[in-house]
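Throughout, read-outs are computed from the coordinates displayed, never taken from laboratory work. The structure presented is a predicted model; accordingly, all values stated were derived computationally and were not measured. Note that we place each Cβ from the backbone using ideal geometry, even for glycine, and neighbour counts take in every protein chain shown.
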Amino acid sequence: MSKGVLVDITRCIACRSCMVSCKSWNDLPSNPSTFSNNWDSPGKIDSTNWTVVTNHIIEEGDQLKWRFVKRQCMHCLEPACESACFTHAFVKTKEGAVIYKPTEVDQDYCVGCRYCMIACPFGVPSFEWDKTFPFVQKCRFCYDRMKEEGMEPACVTSCPTQALKYGEREELLAEARARIDQNPSYVKHIYGEKEYGGTSWIYISDVPFDKLGFRTNVSEKSIPAYTWDVLKWTPLIFFGWGAILTAMRAYTKRRAEVHNEEDMYAPVDDE
Amino acid sequence: MRFGKNWKFKITPFRILLIIFVLIAAAAALYRFVYGLGAVTNLSDEWPWGLWIGFDLLCGIALAGGGFSTALIVHVLHKDKYLPIARAALLTSLIGYIIAMVSLFLDIGRWFNFWRPFFYWGYHSVLFEVFWCISLYTTVQVLEFGDIFFEKVKCAPLKKILGALMTPLLILGIVLPSLHQSSLGSLYIVAVDRLYPLWWSMLIPFFFVWSAFFLGPAMVTVEGTLAARAYKREPEMHIFESLTKVTLVMMIIYLIVKIVDLVYRGVFSMAFNGSFESNMFLIEMIVFVIVPIIMYSINSIRTKLWGVLTASILVVAGVIFNRMNVVFTGMADAMGGHYFPTIWEWLITIGMWSALVLLYCFVVENFPILPKEEKHTHGSGVAYGKGIHA
């Protein structure tokens, strides 16, 4: 069964323990940050910040709501990055993590073309721009903890308010529905249930998702499915078009006069 | 300059300038390979692809479209009156692909891994198809060119082998570019919900391959005129004029399909919503599609060199404009951030296109590429101004 995490935005207090534990478990360097007006520095994912908490101030009538959203790789059920990778360097493991293929012999399949970065609808994969031979970096769903120790991701462990809950995706979906049904203040939507074919990380909120920086009203069809709708025609076009061309060439050749091409062209004499 | 008795390369001040550009680009490229992409480019997580992919690769390949459209017209349909331009089109296309391969190699972060896709098949990726087709097609073009090469460098057995292979090579030489010209468009299908709806469409592969094809004759016209001026030859006006029929019909179909697609997807009105994207789209469609269509269909414009040349330049610029719109204009809103190439990205680009010009000159001066021309004084020098001495 595939794992997932339920993020309950109503419970997040922006303590950023998840950011710290992510850095310490994955041995990521700390970098100096700068002040930002809404206090969410660094504010966006990059190659050494695999998870960030973004802050959002929402005005609803005379009410001011401050909401915090933990962001990281959504670990799509049908990941666009995996399908876009032309060496199949990314894989979706059966546990649900989308990571570089964890082969023991050679992890180094990545060419550094960055098509995964174009493909990802959530803008997650980040590049190590300052390195000579950069990798694409992103949240790994703590695959090492999950796989070897049966542990939950570091960020979930460190969350003091149970804003993050780790478990089987199906069970989390049921729980998300239960919470939404019991409490009318929730928005009646589970973000990640259907977006782009569904994601392993799912979100519930009391504020409309489009006000929290989520791209809403997006396709429910996965991106790999779109691509495949086009790519599946390749063999047919290759052989079909090839056959048509061969037939046309043979047909018209009989009518055409024969030229001796060697007498027709000459090097330019520009002396 | 002569090397041996059979090889020559004339050195002019203009060519020295181009050589300097190439040397600067080579030095910058070396620096990039040692210190990485961040050191020389302005690329970022928001803009993972920039000038080298957007312009050198996408436009380079599109502009090389003259190779496969001419091959189809001349070698499959056997329209022999176009034979005089066939080899020049092949040559430009071959050099265009080499440039595209070089810029791809420059752009990939882990360049020593460039061979991986040959052995690790991510067949569900559009880029996989693009990579394979471009690699194979470049090989095919090198072999096709080998046939010309061995006319000069005599080697009967090799020439014979290539001669026997020519039919399958020619067919592959049309099928492969048809596939990857369209796939370059399909690359952006993944950008659903992000690429502006005026450009994002499930038909984008069709628009890309179709425009690369009708671009071919226009490109042949532009480069043919340039070559004619540079070498003080008579431009092949009758060929240019007659090729406009191909471009005209295909562009009208392009325009119709574009409109039908917009209406079908219910986004036709977005073209007039006054946003930056809609304005760029309108410029693309009006200046670079509708205007050339009108110019091509008016007899008194089409039959003049300036007319056919101006319209063709618009078509060529229009395809570049379209690709830039897809890569930059259409994605800007969704990607956020901003991107403008560094001086090094520009210098490397300029160097690569300078290399293209030099390579073209060297090959046409040493190999039988352009049709033989009877030595006589003709009016081209007078009618079209003094030729630029390339």
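Distance from the Cα centre of region B:1-51 to that of region B:251-273, in angstrom?
Rounded to whole Å, the Cα centres lie 40 Å apart.
Of the candidates A:Gly192, A:Gly43, A:Gly213, which one comes out as most mobile in a Gaussian network treatment of chain A with C-alpha springs shorter than 10 Å?
Looking only at A:Gly192, A:Gly43, A:Gly213, the biggest GNM fluctuation is shown by A:Gly213.
Determine ³J(HN,Hα), in whole Hz, for all residues of region B:268-281 in sequence, where each value follows from phi through the Karplus function 6.51 cos²θ - 1.76 cosθ + 1.60 and θ = phi - 60°; x replaces Gly and Pro.
For region B:268-281, the Karplus curve yields 4, 5, 4, 5, 10, 7, x, 6, 4, 4, 5, 5, 4, 5 Hz.
Measuring from the lowest to the highest alpha carbon on each principal axis, how far does region A:155-271 reach, largest first, in angstroms?
Between the extreme Cα coordinates on each principal axis of region A:155-271 lie 85, 42, 27 Å.
Along its principal axes, what span do the Cα atoms of chain B show, with the longest given first and each in whole Å?
59, 55, 43
So which of A:Lys194/A:Lys232; B:Lys245/B:Lys304; A:Lys194/A:Lys221; B:Lys8/B:Lys154 end up more than 19 Å apart, counting from Cα to Cα?
Result: A:Lys194/A:Lys232 exceed 19 Å.
Dipole magnitude of chain A about its Cα centre, charges +1 at Lys/Arg Cβ and -1 at Asp/Glu Cβ only, in debye to the nearest 20?
In debye, rounded to 20, chain A gives about 980.
Give me the net charge for the shell around A:Met146: Cβ to Cβ below 10 angstrom, other residues only, Lys and Arg +1, Asp and Glu -1.
Within the 10 Å Cβ shell, the charges total -1.
Peptide A:230-242: average number of partner chain Cβ atoms within 10 Å per residue?
Going residue by residue through A:230-242 and averaging, the value is 5.
Given H placed 1.01 Å from N in the peptide plane, which residues other than close sequence neighbours of B:Lys8 have an amide H under 5 Å from its amide H?
Close amide H contacts, sequence-distant or interchain: B:Phe3.
What is the pair-distance distribution P(r) of the protein assembly as shown, computed from all Cα-Cα distances in 20 Å bins starting at 0, with each bin given as a whole percent?
Bins of 20 Å from zero give 17, 46, 27, 9, 0 percent of pairs.
In whole angstrom, how far apart do the alpha carbon centroids of region A:134-165 and region B:98-127 sit?
Between the Cα centres of region A:134-165 and region B:98-127 lies a distance of 32 Å.
Among B:267-274, B:102-109, B:284-291, what's the highest-first ranking by average C-beta atoms within 10 angstrom per residue?
B:102-109, B:284-291, B:267-274
If we restrict to alpha carbons, what Rg and Dmax does region B:116-166 come to, in Å?
Here Rg and the maximum Cα pair distance are 15.1, 44 Å.
Sort by residue number and name the cysteines in chain A that have no neighbouring cysteine Cβ under 4.7 Å.
A:Cys12, A:Cys15, A:Cys22, A:Cys76, A:Cys85, A:Cys110, A:Cys113, A:Cys120, A:Cys142, A:Cys159
Give me a single rounded figure for B:35-44: the average over its residues of other chain Cβ atoms within 10 Å of their Cβ.
Mean inter-chain Cβ contacts per residue within 10 Å come to 4.
Could you work out how much longer the chain between A:Thr216 and A:Asp229 gets when fully extended? Use 0.36 nm per residue separation minus the Cα distance between them, nm to one decimal.
Numbers: separation 13, 0.36 × 13 = 4.68 nm, distance 2.33 nm.
2.4 nm is the gain from fully extending A:Thr216 to A:Asp229.
Rounded to two decimals, what is the ratio between the C-alpha radius of gyration of region B:1-104 and 2.2 N^0.38 Å?
1.43
Do you know the relative contact order of chain B, to the nearest whole percent, from alpha carbon pairs under 8 angstrom that are 6+ apart?
This gives 29 percent for chain B.
Could you go through region B:306-312 in sequence order and give the Karplus-derived ³J(HN,Hα) for each residue, using 6.51 cos²θ - 1.76 cosθ + 1.60 with θ = phi - 60°, rounded to whole Hz, and x for Gly and Pro?
Residue by residue, region B:306-312 yields 4, x, 5, 5, 4, 4, 5 Hz.
Once phi is turned into ³J(HN,Hα) by the Karplus curve 6.51 cos²θ - 1.76 cosθ + 1.60 with θ = phi - 60°, what whole-Hz value does each residue of region B:15-29 show in order, with x for glycine and proline?
Those phi angles translate into 5, 4, 4, 4, 5, 4, 4, 5, 5, 4, 4, 5, 5, 5, 5 Hz.
Along each of the three principal axes of the Cα atoms of chain A, give the extent in whole Å, ordering the values from largest to smallest.
83, 45, 43
Collect residues whose amide H, placed 1.01 Å from N in the peptide plane, falls under 5 Å from the amide H of B:Arg110; neighbours closer than 5 in sequence don't count.
A:Gly112
Going by average Cβ neighbours within 10 Å, how do the peptides B:11-19, B:90-98, A:226-234 rank, with the highest at the top? Walk me through the intermediate numbers first.
On the way: B:11-19: 13.2, B:90-98: 24.0, A:226-234: 17.3.
By packing density, highest mean first, the sequence is B:90-98, A:226-234, B:11-19.
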